[in-house]
1. With the cut-off at 1.5 for a/c, could you classify the chain from its C-alpha gyration tensor as rounded, prolate or oblate?
2. Determine ³J(HN,Hα), in whole Hz, for all residues of the stretch 63-80 in sequence, where each value follows from phi through the Karplus function 6.51 cos²θ - 1.76 cosθ + 1.60 and θ = phi - 60°; x replaces Gly and Pro.
3. Based only on other Cβ atoms within 10 Å, what is the fewest-to-most ordering of THR147, THR8, THR88, THR115?
4. For helix 93-112, what angle does its Cα long axis make with the longest principal axis of the chain, in degrees from 0 to 90 and rounded to 10?
5. Taking H placed 1.01 Å from N in the peptide plane, check which residues at least 5 places from VAL114 or on another chain put their amide H under 5 Å from its amide H.
Amino acid sequence: MKDRYAATFFIVGAASVVAGGLVAAVSGPLGLVSGSWVAAYLVLVCGVAQCAFGAAQGEFVRHPLTAAEFWIELLCWNLGSAAVIAGTLIREPIVVDIGGGLLVVALVLLMRNVTPSPTRRRALLWIYRALIIALLVSIPIGLTLATIRAA
């Protein structure tokens, strides 16, 4: 990673993948009904996506991030994800909605802070942008499903 902020996103993402694997390993033996969903969310949304954010921060960031910009992105993504998981598990749609809102803030900032460069690979930037758009599209779907499940 080119800087500590990018590395932090990548490390937290990798830790989320490990946490998802651990949740998957104990879900069956402990009879955790939502365990497979939590494991998938930790691996894909908290882990893989956040690793991509870290890679993009190191490769495509339009300017060196300030500490405040970094912390807002990182905290919005991780607190938002924690709220989505907790709200889903306790069947509280408002908690899921708050988490979804934090995720949207993080994604908008993550999209805003990258830009193409003549010396950088544009195809990878478009893949990164497609990931962000896919996540933005999936948020309202997930919020709706959480509301239906809670009812």
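1. Prolate.
2. With coefficients 6.51, -1.76 and 1.60, one gets 7, x, 5, 7, 4, 5, 4, 4, 5, 5, 4, 5, 5, 4, 5, 7, 5, x Hz.
3. Ranked by crowding around the Cβ, least crowded first: THR115, THR147, THR8, THR88.
4. Value to nearest ten degrees: 10.
5. Answer set, sorted by chain and number: ARG62.
No value in this document is a laboratory result; all are computed from the given coordinates. Given the structure is predicted, the values throughout are model-derived calculations rather than measurements. Using ideal geometry, Cβ is built from the backbone for each residue, glycine included, and neighbour counts are taken over all protein chains shown.
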